[in-house]
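Colleague: Take this structure, written in structure tokens, and hold onto it; I'll ask about it next.
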Amino acid sequence: MGKYIITFLISMVPIVELRGGVPFGVLKGIPWYQALPLCMVGNMIPVPFIFLFARKILEWGKDKKFIGKFFTWCLEKGSKGGEKLQAKAGRGMFWALLLFVGIPLPGTGAWTGTLAASFLKLDFKKSVIAVMCGVLLAGIIMTVLSLTGVAVLT
């Protein structure tokens, strides 16, 4: 049971997210058909909270002594991600957000994509659906890479 909980929690962690959770779960012997949905749920749980509250919390904390630098970095990351996404997407924002989240590259994922959607003041429901589809795409890619041995955690 412990490997399931750890796999789930890894998928909730910013930056690592499902991209680390799926290979970890598969490496620990969780069947891919259990690891994938487990990691998707873990990756999606923070999404509504990020969309609704993260920007407000980051704005509040950017001037604080101990957390200010990190919060400022997060604000800049979200803002830059949003600007790049909007510049490339134009009216195809749903698909751009989906692909931004779904292609497992450094600096992309549900956390950054949701924060960018929040910064751009996109529709909540459409953003969550795009992020969910992106998480599914990333999950499929990471599952295939994990099963073929390309994505291996040491």
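The values are calculated or read from the model by the stated rules, or taken from the named source; none is laboratory data. Since the model is a prediction, treat every value here as computed from it, not as a measurement. All Cβ positions, glycine included, derive from the backbone under ideal geometry; neighbour counts span all protein chains shown. The protein model used for the area step is the full one, side chains on, heavy atoms only, and it has no ligands, DNA or RNA in it. Shrake-Rupley method; radii C 1.70, N 1.55, O 1.52, S 1.80 Å.
Colleague: Among the residues of the range 74-87, are any at pLDDT 90 or above, within 27 Å of Leu137 (Cβ to Cβ), open to solvent by 50 Å² or more (accessible area, probe 1.4 Å) and part of a helix (DSSP H, G or I)?
Modeller: No - not one qualifying residue is present in the range 74-87.
Colleague: Still on this structure, please answer the following. What about Trp95, is it open to solvent by 50 Å² or more (accessible area, probe 1.4 Å) and in contact with an Asp or Glu (Cβ under 7 Å, 6 or more places away or on another chain)?
Modeller: In short, no.
Colleague: Sticking with this one: Of the conditions (1) in a helix (DSSP H, G or I); (2) closer than 15 Å to Ile15 by Cα; (3) under 11 Å from the mean Cα position of the chain (by Cα); (4) not charged (D, E, K, R), Pro104 clears all except one; give me its number.
Modeller: All conditions pass for Pro104, except number (1).
Colleague: Now a separate question. For the range 7-18, name all the residues that are free of Cβ contacts under 8 Å to residues at least 60 places away in the same chain, surrounded by 14 or more Cβ atoms within 10 Å (Cβ to Cβ) and not small (Gly, Ala, Ser).
Modeller: Thr7, Phe8, Ile10, Met12, Val13, Val16
Colleague: A further question on this structure: Is it fair to say Gly113 is under 21 Å from Ile141 (Cα atoms), in contact with a helix residue (DSSP H, G or I) (Cβ under 8 Å, 6 or more places away or on another chain) and at pLDDT below 95?
Modeller: yes
Colleague: Looking at (1) more than 21 Å from Ala130 (Cα to Cα); (2) out of contact with any Phe, Trp or Tyr (no Cβ under 9 Å at 6 or more places or on another chain); (3) modelled with pLDDT of 95 or more, which one does Ile6 not meet, given that it meets all the others?
Modeller: Going through (1) more than 21 Å from Ala130 (Cα to Cα); (2) out of contact with any Phe, Trp or Tyr (no Cβ under 9 Å at 6 or more places or on another chain); (3) modelled with pLDDT of 95 or more one by one, Ile6 breaks only (2).
Yes/no matrix, rows are residues, columns are (1) over 16 Å from Met132 (Cα atoms); (2) within 13 Å of the chain's Cα centre (by Cα); (3) outside any helix (DSSP H, G or I):
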residue	(1), (2), (3)
Pro14	no, yes, yes
Gly20	yes, yes, no
Phe24	yes, no, no
Ile30	yes, no, yes
Gln34	yes, no, no
Gly42	no, yes, no
Pro48	no, yes, no
Leu58	yes, no, no
Lys69	yes, no, no
